[in-house]
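Let me begin by presenting the structure, written as structure tokens, before commenting on it.
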Amino acid sequence: MKYCSNCATTLTLKIPTDDSRLRYVCESCGAIHYQNPRNVVGSIPVYGEQVLLCRRAIEPRHGFWTLPAGFMELGESTSHGAARETLEEAGAHVEIGPLYSLLNVPHAEQVHLFYLAKMPTPTFAAGEESLEVALFHESEIPWNELAFPTVKQTLEWFFADRAAGVLNGEFHVRSRDVLPSERI
């Protein structure tokens with residue numbers, strides 16, 4: 001970050017008064033420019049025993065499979081963002097359920113949140129950011145072609161919990177930190 005988005009003055013990196021971290025500060029207008037993690041919101045769209053995945057048409061990881069997800073927009077909740085991303089990337093209308101997984105990805109400055117989602121019908125179509133979209137049984141998941149560690153972890157948790165019958169009753173949100181060494 002070089003210039004103030006308020007007045008276009010060159011920024012200074014310093015610890016502001018009453019703070020403990022280095023921040024970009026505008027000496028002209030006094031604005032403090034905070035840099036915070038971005039939320040990636042998505043869903044685990046389920047139709048019967050199958051999960052809907054998208055093959056990415058964009059970088060990073062062009063051509064690899066993922067759950068429908070993307071950056072949360074201002075003015076929306078995480079669950080609304082997950083439903084929007086599912087519609088945009090997979091052309092699927094879903095009934096968003098509870099938050100299922102939360103994965104911290106500090107090296108990418110992101111937090112990934114995935115919601116359980118029910119597909120009332122098997123209606124879907126590739127959006128602009130997807131090459132193709134398909135329903136997969138657990139045995140058909142292209143594990144070696146998944147785009148991101150957060151998607152792989154979420155799917156592993158989901159299938160394990162489904163097999164254990166945990167998804168039909170009370171469960172706790174799954175969460176963990178993803179390390180830089182886990183990049184695919």
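Taken together, the values in this text are just the output of simple stated rules run on the coordinates, not laboratory data. Just so you know, these numbers come straight off a predicted model, no measurement behind them. Neighbour counts run over all protein chains shown; Cβ positions are idealised from the backbone, glycine included.
Looking at region 1-73, the chymotrypsin sites (Phe, Trp or Tyr not before Pro) that sit in a DSSP loop and have at most 10 other Cβ atoms within 10 Å of their own Cβ are Y34. Quote the FRET efficiency, to the nearest 0.05, computed for N6 versus H107 with a Förster distance R0 of 30 Å and r equal to the Cβ-Cβ distance. E(calc), rounded to 0.05, equals 0.55. As I understand it, the value is the acute angle between the Cα axis of helix 78-90 and the longest principal axis of the Cα atoms of the chain; what does it come to in degrees, rounded to 10? It works out to around 60 degrees.
Over the chain, the Kirkwood radius and the radius of gyration, each from Cα atoms, give a ratio Rg/Rh of 1.06. The lysines whose alpha-carbon is closer than 27 Å to the alpha-carbon of K14, local same-chain residues fewer than 8 away aside, are K2. Of the trypsin sites (Lys or Arg not before Pro) found in region 11-51, the ones in coil according to DSSP and having at most 10 other Cβ atoms within 10 Å of their Cβ are R21.
Given a Förster radius of 30 Å and the C-beta distance between I58 and H137 as r, what FRET efficiency does 1/(1 + (r/R0)^6) yield to the nearest 0.05? It comes out at approximately 0.70. Ranked for footprinting exposure by Cβ neighbours inside 10 Å, fewest first, T9, T78, T17 give T17, T9, T78. Considering only the other residues whose Cβ falls under 15 Å of the Cβ of C4, what net charge follows from Lys and Arg at +1 and Asp and Glu at -1? Within the 15 Å Cβ shell, the charges total +2. The angle between the Cα long axis of helix 149-164 and the longest principal axis of the Cα atoms of the chain comes to about 40 degrees, rounded to the nearest 10. Restricting the GluC sites (Glu not before Pro) of region 81-144 to loop positions (DSSP other than H, G, I, E, B) with no more than 11 neighbouring Cβ atoms within 10 Å leaves E109, E128.
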